[in-house]
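Bear in mind that the values in this text are calculations on the coordinates, not laboratory data. As the structure is a computational prediction, the values presented were derived from the model and not from experiment. Heads up, the Cβs are rebuilt from the backbone with ideal geometry, glycines too, and the neighbour counts pull from every protein chain shown.
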Amino acid sequence: LDITGNKIRVLPLELGFCQDLRELHFDEQMIVMPTKEVLALGIRSMTVYLRRLKEAIVKSRLALTGMTLSQIPKEVYDMIDLKELIVDKNSIFEIEAAILNFDVLEVLSANLNDVENLNFLLGDPRKPPWDKQRLGELNALMLRGNKIDVLPAEISRLKSLAVLLMDNNRLKELPDEI
């Protein structure tokens, strides 16, 4: 498929269902979705990624396990109706504060990554202060095998949290609030 010389900025999610697609030529500087990191994964991984995004719209579950991502792609943060987000076995170093907009998210799993902190729990300074609705449905937060050395007291704001898996990190102490 050759779409060079056009003004296409977003690759359609349906492209992910073209399993026999072997080549895709496009103007890389024009494409904003998927992100450049996803585009660099190659045609096979990119089509898997697009297919998973499309399926997540129906299933409310997105699994991007083992895709060698260094960050959660921007377009994922727009999928605020997800109930499960699984980004295990990547190289993700940060979960952005935009995750706080996921009002119905029940499971966030980022096991075996390079996450260094949980600053997303502190909120986004450009947004109104925390309220009990932010991540109000989150009942499982799984961050095994990362590089987290501090568990912020703000973890206590997650009122529905029933499962917190933090083994094999760099924690030295737990906050009194939990």
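Key figures for this structure:
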| read-out | value |
| --- | --- |
| Leading residue at positive end of dipole, the chain (Cβ point charges), from LEU112, LEU1, LEU64 | LEU1 |
| Nearest-ten-degree value, helix 43-59 long axis tilted from longest Cα axis of the chain | 60 |
| The chain - mean residue ellipticity at 222 nm from DSSP helices (-39,500 (n - 2.57) per run, n ≥ 4, rounded to 500) | -3500 deg cm²/dmol |
| Given charges at beta-carbon only (K, R positive; D, E negative), |dipole| of the stretch 33-135 in Debye | 340 |
| Loop GluC sites (Glu not before Pro), the stretch 1-42, which have at most 10 other Cβ atoms in a 10 Å radius of their Cβ (DSSP) | GLU23, GLU28 |
| Selection from PHE102, LEU39, LEU24 lying farthest towards where the dipole of the chain points positive, charges on Cβ | LEU24 |
| Phi to ³J(HN,Hα) by Karplus 6.51 cos²θ - 1.76 cosθ + 1.60 over the stretch 92-103, Hz, x for Gly, Pro | 5, 9, 8, 9, 6, 4, 4, 4, 5, 7, 7, 5 |
| Alpha-carbon spread of the chain, three principal axes, descending order, Å | 58, 31, 28 |
| Karplus (6.51, -1.76, 1.60) ³J(HN,Hα), θ = phi - 60°, over the stretch 135-141, in Hz, Gly and Pro reported as x | 6, x, 9, 5, 10, 9, 10 |
| Amide proton proximity set for LEU69, modelled H, under 5 Å, gap of 5+ | SER91 |
| Calculated FRET value between GLN19 and VAL104, using beta carbons and R₀ = 30 Å, to 0.05 | 0.45 |
| GLU55-ARG144 pseudo-label distance in nm [points 7 Å out on the Cα-to-Cβ vector] | 2.2 |
| Net dipole in debye of the chain [+1 Lys, Arg Cβ; -1 Asp, Glu Cβ; about Cα centre; nearest 20] | 200 |
| Kirkwood Rh in Å, taken over the stretch 28-103 so that all alpha-carbon pairs contribute | 12.7 |
| Cut-off of 10 Å, at most 16 other beta carbons, DSSP loop: longest stretch of the chain lacking such trypsin sites (Lys or Arg not before Pro) | 23-82 |
| Amide N proximity, the stretch 37-64 versus VAL10 label position 7 Å along Cα-to-Cβ, cut-off under 13 Å | 54 |
